[in-house]
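Laboratory data are not the source of any read-out in this text; all were calculated from the coordinates shown. These numbers were taken from a predicted model, which means no experiment stands behind them. Heads up, the Cβs are rebuilt from the backbone with ideal geometry, glycines too, and the neighbour counts pull from every protein chain shown.
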Amino acid sequence: MSEQQAPEPRCAEGRVVVVTGAGRGLGRAHALAFARAGARVVVNDLGVALDGGAGPGETPAEQVAAEIRDAGGEAAVSTDDVASGEGAARLVRTALDRFGRLDTLVNNAGFLRDRMLVNLDEEDWDAVVRVHLKGHFLPLRHAAAHWRAESKAGRAVAARVVNTSSGAGLLGSVGQGNYAAAKAGIAALTLVAAAELGRYGVQVNAIAPAARTRMTERTFAADMAAPAGGGFDAMAPENVSPLVVYLGSDACEGITGRVFEAEGGRVTVMDGWRRAARTDKAARWEPGELDGAVRGLLARAPEPEPVYGAEPRTAGR
Ligand SMILES: NC(=O)c1ccc[n+]([C@@H]2O[C@H](COP(=O)([O-])OP(=O)(O)OC[C@H]3O[C@@H](n4cnc5c(N)ncnc54)[C@H](O)[C@@H]3O)[C@@H](O)[C@H]2O)c1
C-alpha cells in the first residue's frame, strides 16, 4: 500500500477568525494555519517596530492577507490599533461587515520594552501594559458584546477566544516587569472571561507560546536557531499554530478557562494559583507569631517554579 499523505483536516471550515498582530511571527503563522483549515481570516496588524514605535513603513497585514488569497483562501485586512477603543470596535466590525459573522478571536498583538525595574520608565510601563492587557480586553469586549447579542437573539453561538499570555506572565521573568505583569493579567482575564461568557456559548483559553520571532531571535538566538542539519525545527512559530487553530475551532467543545504552554511539539496544561497550605488560628495573629506559622506553611507547600532569568534560590523559600 502506498503511503499517501492524509488530507489536512479543515477543522475551522466556515468559521470567521480575527487574528491580531497577524502580520508577523506567531500571529502570521496562526492566520495562515486558520486559512488552511478553512477559515476566513481578518488579518490585523498595525505594522509597528519591535518596541511599538513607528514601523519601517511595512504593511505586514496586507502581505499576509495576500498570501492567504494567493493560496485560494479568503482574508480581510485590518490595520487598527487593538489597544484603542475605536480600533478594537472597527476590528470586530470588519469581520461582521466583510464576512457577516465572527466565530473566533485570537488576541496576539504586542511588543516589548524590557528593562530592569529600577530603569523601567513610566512610559515603557504604560505602553507595554496597554498593548498587551488593554489590547486583549478591548477586542474581547467588543466581540463578547456581539456574541451576547447573538445568543439573546436566539442564534446558536459556538465562539472561541484564544488569548496570548507568556511564561513571563505565569512564572515571572527578570527584566520584564511590565510585560510579565501584563501577561499575568491576561491569564486572569482569561479565567474571568471564560466564567462570564460561557452562558453565551463563548469559550476562552490562553496559550503561553515560545517560538523564534523577531521578539525572541536576538535574546535566544542560539537556543532558538533552526537545526543546521535539517530535522524538526522546534522553534518555528508554525509549531504553535495547530493548538491555536484547535482552541479556535468547534472541536474543543467544553474546554474553557485553561492556559496551555506551546513550544515545538510540546503542549503543557498549566496549573495556576491554588491554595497550597493553610493555618487558621481562629483569632487575630500577633506579627511575632507569624514567623513560625509562615515557615510551617512553606515547609508544607510545593517549591515555586523558578522565575525566568533569576539566580537560583538561596535562603528562605
Ligand atoms: N515569540 C515568543 O517566543 C513569545 C513568547 C511568549 C509570548 N509571546 C507573545 O506572542 C505574541 C506574538 O509575538 P511574536 O513573537 O510573534 O512577535 P512579533 O513582533 O513578531 O509580532 C507581533 C505583531 O504585533 C503587531 N502589533 C503590535 N502592536 C499592535 C497593535 N497595537 N495593534 C495591532 N498590531 C500590533 C506588530 O506590528 C507585530 O507584527 C505576543 O503577544 C507576544 O508577547 C511570544
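Would you mind putting 229-238, 205-214 in packing order, based on average other-beta-carbon counts within 10 Å, highest first? Please list the in-between numbers first.
Working: 229-238: 13.4, 205-214: 22.8.
By packing density, highest mean first, the sequence is 205-214, 229-238.
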Dipole magnitude (debye, nearest 20) for the range 16-269, charges at Cβ of Lys, Arg, Asp, Glu | 740 debye
Between 0 and 90°, nearest 10: helix 135-152 axis offset from the chain longest Cα axis = 70 degrees
Long-range amide H partners of Val259, meaning residues 5 or more apart or on another chain whose placed amide H is closer than 5 Å, are Ala206, Met270
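I need the shape label for the range 99-250. Rule: rounded when a/c is under 1.5, else prolate if a/b > b/c, else oblate, with a, b, c from the alpha carbon gyration tensor. Kindly include the intermediate steps, with their values, before the conclusion.
Details: a/c = 2.77, a/b = 1.43, b/c = 1.93.
Oblate.
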Taking H as built 1.01 Å from N, whose amide H comes closer than 5 Å to the amide H of Val106, not counting residues under 5 places away?
-> Val18, Val19, Thr20, Val162
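Let a ≥ b ≥ c be the square roots of the eigenvalues of the Cα gyration tensor of the range 170-265; is it rounded (a/c under 1.5), or, if not, prolate (a/b larger than b/c) or oblate? Please list the in-between numbers first.
Working: a/c = 3.82, a/b = 1.49, b/c = 2.57.
Judged from the Cα gyration tensor, the range 170-265 comes out oblate (a/c at least 1.5, b/c at or above a/b).
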When Lys and Arg each count +1 and Asp and Glu each count -1, what net charge do the other residues less than 15 Å away from Ala127, Cβ to Cβ, add up to?
-> -3
Computed ³J(HN,Hα) along the range 82-89: with the Karplus parameters 6.51/-1.76/1.60, θ = phi - 60°, integer Hz and x for glycine or proline, the list is 5, 8, 10, x, 5, x, 5, 5
With the 8 Å Cα cutoff and a minimum separation of six or more residues, the chain has a relative contact order in percent of 16 percent
Cα Rg, Dmax (largest Cα-Cα span) when computed across the range 16-269, Å = 17.1, 57
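Provide the net charge surrounding Val64, with neighbours chosen by a C-beta distance below 14 Å and charges set as Lys +1, Arg +1, Asp -1, Glu -1. Before the final figure, lay out the partial values.
Working: positive: Arg24, Arg28, Arg36, Arg40, Arg69; negative: Asp45, Glu58, Glu62, Glu67, Asp70, Glu74, Glu238.
Result for the neighbourhood of Val64: -2.
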HN-Hα J in Hz across the range 204-215 - Karplus 6.51, -1.76, 1.60, θ = phi - 60°, x for Gly and Pro = 10, 10, 9, 10, 10, x, 9, 6, 7, 9, 4, 5
Sequence-distant residues sharing a close amide H with Glu74 (under 5 Å, placed H) | Val41
Give me the lysines in straight-line cross-link reach of Lys183: C-alpha distance below 20 Å, same-chain residues under 8 apart excluded.
-> Lys134
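Output the peptides 269-281, 129-141, 186-198 sorted from most to least packed, where packing is the average of other Cβ atoms within 10 Å over each peptide's residues.
Ranked by mean Cβ neighbours within 10 Å, highest first: 129-141, 186-198, 269-281.
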If Tyr246, Tyr200, Tyr179 are placed from fewest to most neighbouring beta carbons inside 10 Å, the sequence is Tyr200, Tyr246, Tyr179
Helix 60-70 sits off the longest principal axis of the Cα atoms of the chain, rounded to the nearest 10 on a 0 to 90 degree scale, by 50 degrees
log₁₀ I(q)/I(0) of the range 196-317 at q = 0.14, 0.16, 0.17 Å⁻¹, via Debye over equal Cα point scatterers, no solvent, to two decimals?
-> -0.87, -0.96, -1.00
Compute the acute angle (0 to 90°) between the alpha-carbon long axis of helix 25-36 and the principal axis of greatest extent of the alpha-carbon atoms of the chain; round to the nearest 10°.
-> 50 degrees
